[in-house]
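The block underneath contains the structure these notes are about, expressed in structure tokens.
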Amino acid sequence: MASVDVTAGLPTLGKLEAVDVREVWKHEALSFTPWLLANADVLGEVLGMDLALSAAEHPVGGFSLDLIGVDDATNETVIIENQLARTDHSHLGQLLTYAGGTDPVNVVWIATEFREEHRAALDWLNTRTDENTRFFGIEISAVRIGNSIEAPLMRLVVQPNDWGKKVKAIAKGDAVASDRALAYQAFWRKFLETLHDRKLGWTTSRKGQLQNWQSLPAGVGGVSYTCFFGKSGLTSEVFFQHPDPAVNEARFAAARVKLEPIFGDALSYEPLAGKKGCRIAEFRKGDIANSDQWAEYMEWFIDAQTRLREAIAQVGGLSSFTSP
């Protein structure tokens, strides 16, 4: 009886091989952190966020936080502590110290392996905090197939109890979005594309969101640049946010003293007394429904943001407002 080749017509597949992360990223601070800063979308996909990272080695008191940024879909602050090793108590302490100094919504710890005690600690924190504070644990590894280049592999091992439902709800909301929300999404997508085409370096985000604002990371904790459509029209602003209203008011006062001589009456100063935020903004008339004017709106946003940023740089940068 003739033998039958049972492998005929079957695809030839490679074998997935694990690679030592230290072969891929030689140094945590000099290799892995800069790589993640430039490839925030890889982590964002795992977390279910439109992640835009703005700064590495962000100062928190006498320490340095590995990465800080925002989820562009919600404008929520995200901080990240990297550890190219198995988790330890030292990094857990650093994570909590950085969280206390930046008041983030999303706190992410990346390590090659999570000890059960540290996984349990993050789970405990998630059960003891409200929806305005979330802790995530990510295990990072590297793989390749045959002689291919290495690829990162991230696995979400700790998340808030309702996080999966929330991400699905956001996705479902995208599917049934209103015409106005879809207009915002189309506008911001084109706006971000224009920023990248002009190499302005204001954000790494490329996905337009359904909301009426677009956050642009400032590279300084508690501060963001924002463009948005309000009831009265378009707004370009710098927004200060801190859990202590007195800190916000001090930052606002310092910024106003320095910027008012440059801009005069062109900027609106809104201290939002007693609240956790304050803004310095410029306005113009407009409505997202006027799609024939979108190109003009984009140029205005870019021009207004450019002038604001240049003026802030002229007077010493954002750090001159936010330093103690």
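Sort through Leu156, Leu125 and tell me the only one that's outside any strand (DSSP E or B) and either among the aliphatic types (A, V, I, L, M) or in contact with a strand residue (DSSP E or B) (Cβ under 9 Å, 6 or more places away or on another chain) (or both). Quick ask: steps written out before the conclusion?
Working: Leu156 fails: outside any strand (DSSP E or B).
Being outside any strand (DSSP E or B) and either among the aliphatic types (A, V, I, L, M) or in contact with a strand residue (DSSP E or B) (Cβ under 9 Å, 6 or more places away or on another chain) (or both) holds for just one of Leu156, Leu125, which is Leu125.
As a summary of the residue check, Pro104 satisfies the conditions (1) modelled with pLDDT of 90 or more; (2) not in a strand (DSSP E or B) except for the one numbered (1).
Residues Ala142, Ala85, Ala120, Ala111: which one is without any contact (Cβ under 8 Å) to a residue 24 or more places away in the chain and either buried (at least 19 other Cβ atoms within 10 Å of the Cβ) or farther than 27 Å from Thr226 by Cβ (or both)?
Numbers: Ala142 fails: without any contact (Cβ under 8 Å) to a residue 24 or more places away in the chain; Ala85 fails: without any contact (Cβ under 8 Å) to a residue 24 or more places away in the chain; Ala111 fails: without any contact (Cβ under 8 Å) to a residue 24 or more places away in the chain.
None of the other options fit; the residue is Ala120.
Ser205 fulfils the conditions (1) farther than 21 Å from Glu299 by Cα; (2) surrounded by 18 or more Cβ atoms within 10 Å (Cβ to Cβ); (3) of a type in the set (Gly, Ala, Ser) except for a single criterion, (1). Tally time: how many residues in region 49-66 are touching a Gly at 6+ places or on another chain (Cβ under 6 Å) and either crowded, with 23+ Cβ neighbours inside 10 Å or at pLDDT 90 or above (or both)? Total satisfying the criteria: 4. Among the residues of this structure, Thr102 does not count as one that is over 17 Å from the mean Cα position of the chain (by Cα), touching a residue at least 24 places away in the same chain (Cβ under 8 Å) and surrounded by fewer than 22 Cβ atoms within 10 Å (Cβ to Cβ). From the list Gly69, Gly44, the one residue that fits, being closer than 29 Å to Gln211 by Cβ, buried (at least 23 other Cβ atoms within 10 Å of the Cβ) and small (Gly, Ala, Ser), is Gly69.
Right, Thr112: of a type in the set (S, T, N, Q) and modelled with pLDDT under 95 or not? So Thr112 fails the test.
The values are calculated or read from the model by the stated rules, or taken from the named source; none is laboratory data. The structure presented is a predicted model; accordingly, all values stated were derived computationally and were not measured. No Cβ is skipped: glycine too gets one built from the backbone with ideal geometry, and neighbour counts run over all protein chains shown.
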